[in-house]
Each structure stands twice: as structure tokens, then as C-alpha cells.
Amino acid sequence: MKILFATSEAVPFAKTGGLADVSSALSQALSAQGAEVWMIMPFYRGVREELNRRGMTPIRCGSTLRIRLGNKLVEGQLYVTVLPGTSVPVILVDQPTYFQRNGLYQEHGRDYADNSERFIFFSRSLLEATRLLGFHPNVIHVNDWQTGMVPALLAIEGRAQPQLKETRSVITIHNLSFQGSFWHWDMLLTGLDWKYFNWHQMEFFGQLNLLKTGIVFSDLITTVSPSYAKEIQTSAFGCGMQGVLQTRHDDLVGILNGIDTAIWNPATDATLPETYDIDSLAQGKARCKAELQKELGLPVECDAPLAGMISRLTDQKGIDLIIENLETLLATGLQLVFLGSGESRYETALVDAARQHAGQIAVKIGFDEALAHRIEAGADMYLMPSRYEPCGLNQMYSLQYGTVPIVHAVGGLADTVTAVSHETLANGTATGFVFTEYLSSAFIDLIQQSVQLFARRDIWTQIVQNGMRQDWSWHNSAKRYLEVYDKVLSRPVHATLPVHSDNSTGPVSAGEAGAGR
Ligand code: ADP
């Protein structure tokens, strides 16, 4: 089976969040299970720098791309390299004006004004690349809004090309709150007829919405955990898109992300002061904790419970619960370590807190992959009180590293952490602390409970070991994706919604949108 995996980020080339981890690890796992996977992504400045650092020279392939965007003809080039350390080929779409920038989507907290143009260019280039490189994929697997145009282009124009005649599209939603919503005139850039700009297809509250476009036109939709697949069909988590998703209920599948165990494995992790596994846990983790405390200027005390958090500092991640309850959390004797960047109100609050409580809180603002590993290894607990969490990776890294996650029961957090209770302690399944209502009182209770149990070393070690024994590798998830590809290939292409000529706009309710199928 031939898969073209389209993504806007992939480690080690370009990363702003979990999508980058998933892209690389899933492609590798799929190819390990026999699929022929080609990845395609923009040739960002960071990709060029990473290739240079590794002494890798990408090969220029195919003739020059010429993509029409509105009244412009934009040229680009295709290069081919491999995902470092693997045999997965990566097609890089080079267009210096769009991609030779400091950020992937934004700089100084502001989105690039031409993001729709950049990713419509990338989406059209992707289909053109299949022709220029003679690659005939069975499935084009796209991810998030950045490649959401692709299923529409495939359905409306692409299948007229011989190499894409039988090709199916699958879209994975990694986070529904990032939708790629742009002003309606950007419809001109897509090159598609205005008749598709209707509330059943590409329009959403008067804007061009690239994620909705992907959801409506793709043959099948996946998202990154079974719980999130259910949640996004409700108004509480649907970000307004619940009606559209309900209409595609039968085509919506939740598959839990895995983790890349070649990168996230405490037994082989070269960034740690000492590697460890379940048998050498006590010594290895104690050393990692002491070194982390030293590195971050915290008192080196093995009996002080140390809670870590590595995160984008946004509303989603529940930082407000921590900041609002800081004094109460500190009163339990916790040491707190934060690594992250994002909204300035959170950055400032955390930096101020670290200044006020220098011996108990350490904060690093920025992105630091190696420190992220050292925190996972050195912390006793990991905080993930997210308001919503499509899947989340850090709680799985934590389980792998013997760091007990403290999480809000949403999305992938609910699917991966088994709450400590009398019953789960007795049957050996308890792996972490879980609160169900997003309330300060529930969060504080849980922190206090975890600190109390931390002092009971026998019980604590049992919880830690339960987590470390679990297998979060991509093997099983990749198998599920292969089943999804088989499913879409075994049935006719998804018949997209009938086009309405009135261009009327408005929210899609389940009933209305359902009538349109
Ligand atoms: P999201 O994709 O919503 O940001 P995930 O938990 O799915 O959250 O994935 C986040 C990934 O990004 C994890 O691998 C996490 O370790 C990493 N990460 C987030 N912020 C930082 C940071 N400041 N430094 C290093 N790694 C980070």
C-alpha cells in the first residue's frame, strides 16, 4: 500500500507541538509494517538548517512547480531526502518566499498574514508532486488545517489525473481548535469555484475554513484518541464544528497516538545523566532528579516531591489552575518545574512565581528538547490539567519514564491514565491521578493525595511500575491506521455534499447538515 503522508511539521525537522512527533513516528511505524510511505512537508528554513547540521544534502527532483494562486503564478521546487535515521523518503516543497522564515506559522506571537496562501500553495504542490515524481498513492493522509485543502482538491480536480484516479484521502484532526479560518476572499487563492463556498462545504461563519474543508471532503476522518472522537461531536468540545462532525459520525475514528520509543526511552535516552529501566529505577531516577534540581537551582532533596510540566503555555493546558492555586500547591511541599512558552500572561505569571519562590519553583521559558527529556526523567509527578486534550504525549512519556501523571479526565488523558483508587491499586492497574471536574478544589485534592502517597514509597513504586510496564509504542496504533486505509480503499470514494447555489451562510446544525448528505 502506498501512502503519501502530508504534514506541516515533523521531528527532527520542524516542530511546534505533538503533530511533529506523530508525523515522524507514525510514518516510520507504517513503513515498518510494510506500507510504502512518503512524507511531504514544506522546506522551511529550520529543515535546511537541520539537514546541514546532519551533513545531509537533499536531491532536487522533478521539474519546477508552477502553481496558480488567484492571479499569481508561484514557482517552487521539489527536493527529496529521508527522515534521519530511517528509510522514509521525505519530499520537501521549496518556496523561499513562503517557507524561508523564522517560524512555521507565526513570529512574535502573530500569525503570518499569508498563512492561507502558503498552505494552499503547499496543498496544490502536493498533488502536483505526485504527477512530477510519478508517485501514485493509494491514500493521501493529511493532517490538520494546513493540508485540509488537499481532500477538496483531490475530490474536485485531482481524480481527473490518472495517478490519482483511485486515490482516497484521510484527514487526521490533531486539535480541533486550530481550524485555519481565513477571510472569504482567500477562496480566490484556492482556484475552486465559489459554489463550494457554502455552509455545507468550505464556508464557516462567513470565513473560508480549511479544516472544515478537509473534514467535509475527505473519505475518512480520524482523530487522536477514542474519547476525543466522541467529545468533538458535542458542543462542549466541538469548537462549533460538532454539527459537521456529527454528519460524518460513521466515518470518524479515534486512534490513540503512540510515542516514539526510539526517542523517548529512559533505558537508552542519551540526554539523561543516567539511563534506567524498571529494574534500575530507584537509582537511575534518583540521580536524574538530583541533577535536575541542581541544573535548575532547586535544593537537592530526594524526599521533596518534584512535579514537572512541559507545555505550550496556552489556555488549553490548564495553567490557570496551577497559577490560581500556587500557594496551596507549594504548601504541600512540592517543588515545581515548568518548561514552556506561549501566551505572555502565563509566561509572566510563571516567571514572577519563580522569582518569589526561588527555592521551590523553577521556570524556563523557551523550547528545549533535551531539558524536556531531563524533566520527564527527573520529576516524580507530571502535571497535565488540560481543559481539553486531543491525545497528549507527555502523559505517555511520563508513564514510560516512571513519572506519575496528574491529569484532567479529557480526551487522550482519560484514555491513557488509570486513576489511583482502592480497586486499581489492588488489581495493579493504577497509573496516575485523575480529576473529572475542571475545578480548583478537585485539582488541589488530587495534588494533596498524590503528595501523601508519594511519602508511601511502597505504594508509589507500585504506581510507577504499573505505568512503566505499559506499551505506548506506535505498533498497535499503526495497525489501526492500516485498517482505516484498507477500509477507505474497499469502498467507493466519499460522495461530497451536494452543492447549494445560494451561498447562504450560517452555523451547521446536525439536522441541517445531515440533510445535505
Ligand atoms: P500539544 O501538541 O498540544 O502541544 P502534546 O502533549 O501532544 O501537546 O505534545 C507536545 C510536545 O511538544 C511534547 O513532545 C512536548 O514535550 C513538546 N513540548 C512542548 N513545549 C515544549 C518546550 N517548551 N520545550 C520542549 N518540548 C516541548
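Cross-link list Lys230/Lys289; Lys195/Lys317; Lys15/Lys479; Lys72/Lys317: which exceed 31 angstrom alpha carbon to alpha carbon? Pairs exceeding 31 Å: Lys230/Lys289; Lys195/Lys317; Lys72/Lys317.
The phi-based Karplus calculation (6.51 cos²θ - 1.76 cosθ + 1.60; θ = phi - 60°) puts the 3J(HN,Hα) values of region 356-361 at 6, 10, 4, x, 10, 10 Hz, whole numbers, x for Gly and Pro.
On a per residue basis, the chain carries 38 Å² of accessible surface, using protein heavy atoms and a 1.4 Å probe. Beta bridges from DSSP with both residues in the chain: antiparallel share about 30 percent, rounded to the nearest 5.
Ordering 294-303, 430-439, 215-224 by mean Cβ neighbour count within 10 Å, with the highest value first, yields 215-224, 430-439, 294-303. Straight-line reach from Lys285: which lysines have a Cα under 25 Å away, not including same-chain ones fewer than 8 places off? Within the straight-line cut-off, Lys285 pairs with Lys294, Lys364.
Would you mind classifying region 127-197 by shape? Square roots of the alpha carbon gyration tensor eigenvalues, ordered a ≥ b ≥ c; an a/c under 1.5 is rounded, otherwise it is prolate if a/b is larger than b/c and oblate if not. Since a/c reaches 1.5 but b/c is at least a/b, the shape of region 127-197 is classed as oblate. Counting only aspartates and glutamates at least 8 places from Lys487 when in the same chain, those with an alpha carbon closer than 20 Å to its own are Glu36, Glu166, Asp219, Asp250, Asp251. Relative contact order of the chain, taken over Cα pairs closer than 8 Å and 6 or more residues apart, is 14 percent. Under a 5 Å amide H cut-off, with hydrogens placed 1.01 Å from N, Asn198 pairs with Glu203 among residues at least 5 apart or on other chains. Packing around the peptides 229-238, 136-145, taken as the average count of other Cβ atoms within 10 Å per residue, puts them in this order, highest first: 136-145, 229-238. Split the accessible area of the chain by element, probe 1.4 Å, and carbon with sulfur accounts for 51%.
The values are calculated or read from the model by the stated rules, or taken from the named source; none is laboratory data. Every value quoted in this text rests on a predicted model; they were computed, and no experiment measured them. Cβ sites come from the backbone with ideal geometry, for glycine too, and all protein chains shown count toward neighbours. Note: areas computed on protein heavy atoms with side chains; ligands, DNA, RNA excluded. Shrake-Rupley method; radii C 1.70, N 1.55, O 1.52, S 1.80 Å.
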